[in-house]
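Working notes, structure below.
Coordinate-derived values only; no laboratory data. Only a predicted model underlies this, so the values are computations on that prediction, with no experimental measurement involved.
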Amino acid sequence: MEICPERGTYRARFYSSIIYHILKVSLGLFSCIIIGGGRVVAKYVFHVPAGDNESGQTANKTVDWGKISYSFGKGLQEELVTCFGLKTCIFPDEDGIELDEGCAGMGKDWFNFRFRMFANTAIYLDMINIPFEWRGKGIGEWLINKLKTFARDNRLSYIFLGSYEPSNPFWESCGFVKITEYPDFVLGTDSMAK
């Protein structure tokens, strides 16, 4: 496991993750209102077009999404430095990854990109936050295009996410379509999915 100098060891990240999940469960349905300041959350989906890549995953196969996601995340990490000069830490999970700038606290001044796989068919984009000073440089669109390619190459059919109003035009410009409900396998994955 890698050490993130900005946050300390993986163990410190593990404990902060436990606290985050306890708070998330404790707040339950109210977390959208508290975190979002009462803003309405829109649900979006992107239907991933089928690719020509025959080496991708299949729904009937047991897949180690943690390993596949980590490999994808390492590539993103390197490209973020090369293309944008943005250094991140990677935190793997059994079904996804998180790339984090490593700053303590939440807010609009830190970079975060987190996603998870579900039912061997979809990605739930749990978080994408670009700091104000990095906005308008194409980082968000670049990340989404990379995620779409990852989904297509691994034969995943959908990318789901929840969005607050100011970001809705961005998602629509990236080809996402607003939906009224998530499929059952997405519900309960994050406070925004409720």
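The 3J(HN,Hα) values that the Karplus relation (6.51, -1.76, 1.60; θ = phi - 60°) gives for the range 90-99 are, in residue order, 10, 10, x, 9, 5, 9, x, 9, 9, 9 Hz. Gly and Pro appear as x. Once backbone amide H atoms are built at 1.01 Å from N, residue 126 has 114, 115, 116 as its partners under 5 Å, excluding neighbours fewer than 5 places away on the same chain. Taking amide H atoms as placed 1.01 Å from N in the peptide plane, the amide H of residue 157 lies under 5 Å from those of 122, each 5 or more residues away in sequence or on another chain.
Across the range 62-67, coupling constants 3J(HN,Hα) worked out from phi with the 6.51/-1.76/1.60 Karplus curve, θ = phi - 60°, read 6, 10, 8, 5, x, 5 Hz, and Gly and Pro carry x. Rounded to the nearest Hz, the phi-derived 3J(HN,Hα) couplings of the range 116-133 under the Karplus curve 6.51 cos²θ - 1.76 cosθ + 1.60 (θ = phi - 60°) are 9, 9, 9, 6, 6, 9, 8, 10, 10, 7, 6, 7, 9, 9, 10, x, 3, 5, where x marks glycine and proline.
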